[in-house]
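> Handing you a structure now.
We did not get these values from a lab; they are worked out from the coordinates using the rules stated. Note that the structure is predicted; figures quoted are calculated from it, not measured. FYI the Cβ positions are ideal-geometry reconstructions off the backbone, even for glycines, and counts take in every protein chain you see.
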Amino acid sequence: MSSHPASTEVFDVTARKFHQAASAVLLAVGFILSGRAELALLTIVGIVMLAGRFWWPADIFRQLVWRVLEPAHILPRIDRQEDHETRRVARVLGGVLILISAIVLATGGSWGWVFAAATAVLIFFDAAFDFCLLCFLAYWGSRTFRAA
Amino acid sequence: MVERALIVTTAFAVLLLTAGLVKLLIHIKANAARGVELPSELSERLAQRGGPGVLYFYGSHCGSCQQQAKILHRLAAEHGVTVLQIDATRESAFASAFSVLSVPVTVVFDEALRVQGINHGLSQHADLEVQLGLATHAAEPRGSHTACL
């Protein structure tokens, strides 16, 4: 066996999954509460996703894991090799879509939830099953296109 | 509010059930494939190089595949294992034979070119070493690096 632990960088999966779970739960709670709480929660999740991508102290969910939950052994730290580049792109896309949802809802458009719900589903699949739904769709799209 | 709570609960249950069933099917198919010989066309391609090794199904626009390729290159350099790359979007017959639903997928085979394991998603270096019989247990990666995702 190799003396080197890994051929690529490893990342804290616990913090990533907690961030995703917190985002999905807050979006669901926002949908249930509706009104001002809905707008507030959408805005918070969108900003945390977007700002935390470029300035990590803004990611309050990960900060909670790193500063409180992991040091207190409430959650175990699990480091794994991961594809963080794709997730970074997805995160920016998700943050933008959630903020657009908040703007649409604030201006009275009830269809604003379409974007946020789609983002929540993608987040849920990655958090729960490490499954990239967009990658799955891209793969089948590419395969179908080539077959045609 | 109650209506919306019901919508969220139902959606959550449907998503969980669907994903759970898909995972279970993949697991059952992967277990059924263990010990089965590779298709003859792949065996011919591997005739010069032999086993043990890894069939690596990838896609051209797949971010995780770049990570997987790095891990496999490293594995090949360290242990001399064979790595056969297959574009899953071009060679869809092979992809279907190994139930490739999304990429990357790695199929580990032994010296006799029999399947030892099928991994859906990004396979860890240490896990592949174990499947290839190069290590007895999956090592915990050290030297952790925390990044801003």
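> Evaluate the charge dipole of chain A about its Cα centre and quote only its size in Debye, nearest 20, assuming +1 on the Cβ of each Lys and Arg and -1 on the Cβ of each Asp and Glu. Intermediate values should be presented prior to the final figure.
Numbers: 13 positive and 11 negative charges, 36 e Å.
The calculation lands at about 180 debye.
> If you take every residue apart from A:Lys17 with its C-beta less than 14 Å away from the C-beta of A:Lys17, what net charge results, scoring Lys and Arg +1 and Asp and Glu -1?
On the way: positive: A:Arg16, A:Arg62, A:Arg77, A:Arg80, A:Arg87, A:Arg91; negative: A:Asp12, A:Asp59, A:Glu70, A:Asp79, A:Glu82, A:Asp126, A:Asp130.
Counting the neighbours of A:Lys17, the net charge comes to -1.
> While we're on this one: Cα atoms only, region B:1-73: Rg and Dmax in Å?
20.0, 66
> Relative to the longest principal Cα axis of chain B, at what angle does helix B:63-79 sit, 0 to 90 degrees, rounded to 10?
30
> Follow-up question, since we're still on this one. Given a 10 angstrom Cα cut-off, can you work out which residue in B:Val22, B:Val107, B:Val54 is the most mobile in a GNM of chain B?
B:Val22
> Here is a follow-up. Which value, in Å to one decimal place, does the Kirkwood hydrodynamic radius take for the protein assembly as shown when every pair of different Cα atoms is included? Walk me through the intermediate numbers first.
Working: mean 1/r = 0.0480 Å⁻¹.
One decimal place: 20.8 Å for the Kirkwood radius.
> Rounded to the nearest 500 deg cm²/dmol, what is the calculated helix-only ellipticity per residue at 222 nm for chain A, with -39500 (n - 2.57) per DSSP H run of length n ≥ 4?
On the way: 6 runs with 101 residues, N = 148.
Roughly -23000 deg cm²/dmol at 222 nm, from the helical runs in chain A.
> From the phi of every residue in region A:38-45, what ³J(HN,Hα) in whole Hz does the Karplus formula 6.51 cos²θ - 1.76 cosθ + 1.60 yield, where θ is phi - 60° and glycine or proline is x?
With the stated coefficients, region A:38-45 comes to 4, 5, 4, 5, 4, 5, 4, 4 Hz.
> Provide the net charge surrounding A:Phe54, with neighbours chosen by a C-beta distance below 12 Å and charges set as Lys +1, Arg +1, Asp -1, Glu -1. Working shown, then result.
Working: positive: A:Arg53, A:Arg88, A:Arg91; negative: A:Asp59.
Within the 12 Å Cβ shell, the charges total +2.
> I want the local charge near A:Leu42. Using Cβ-Cβ distances under 15 Å, sum +1 for each Lys or Arg and -1 for each Asp or Glu among the other residues. Show your work: numbers first, answer last.
Working: positive: A:Arg36, B:Arg4; negative: A:Glu38.
Within the 15 Å Cβ shell, the charges total +1.
> Among rounded, prolate and oblate, which fits chain A when a ≥ b ≥ c are the square roots of the eigenvalues of its C-alpha gyration tensor, a/c under 1.5 means rounded, and a/b larger than b/c means prolate?
Values: a/c = 2.36, a/b = 1.21, b/c = 1.95.
Because a/c hits 1.5 or more and a/b fails to exceed b/c, chain A counts as oblate.
> Then there's this: Rounded, prolate or oblate: which fits region B:65-126, taking a ≥ b ≥ c as square roots of the Cα gyration tensor eigenvalues, rounded meaning a/c under 1.5, else prolate when a/b beats b/c?
Working: a/c = 1.79, a/b = 1.29, b/c = 1.38.
The shape class here is oblate.
> Along the charge dipole of region A:66-143, pointing to its positive end and built from +1/-1 on Cβ of Lys, Arg, Asp and Glu, which listed residue (A:Leu75, A:Ile123, A:Ser110) has its Cα farthest out?
Toward the positive end, the furthest listed residue is A:Ser110.
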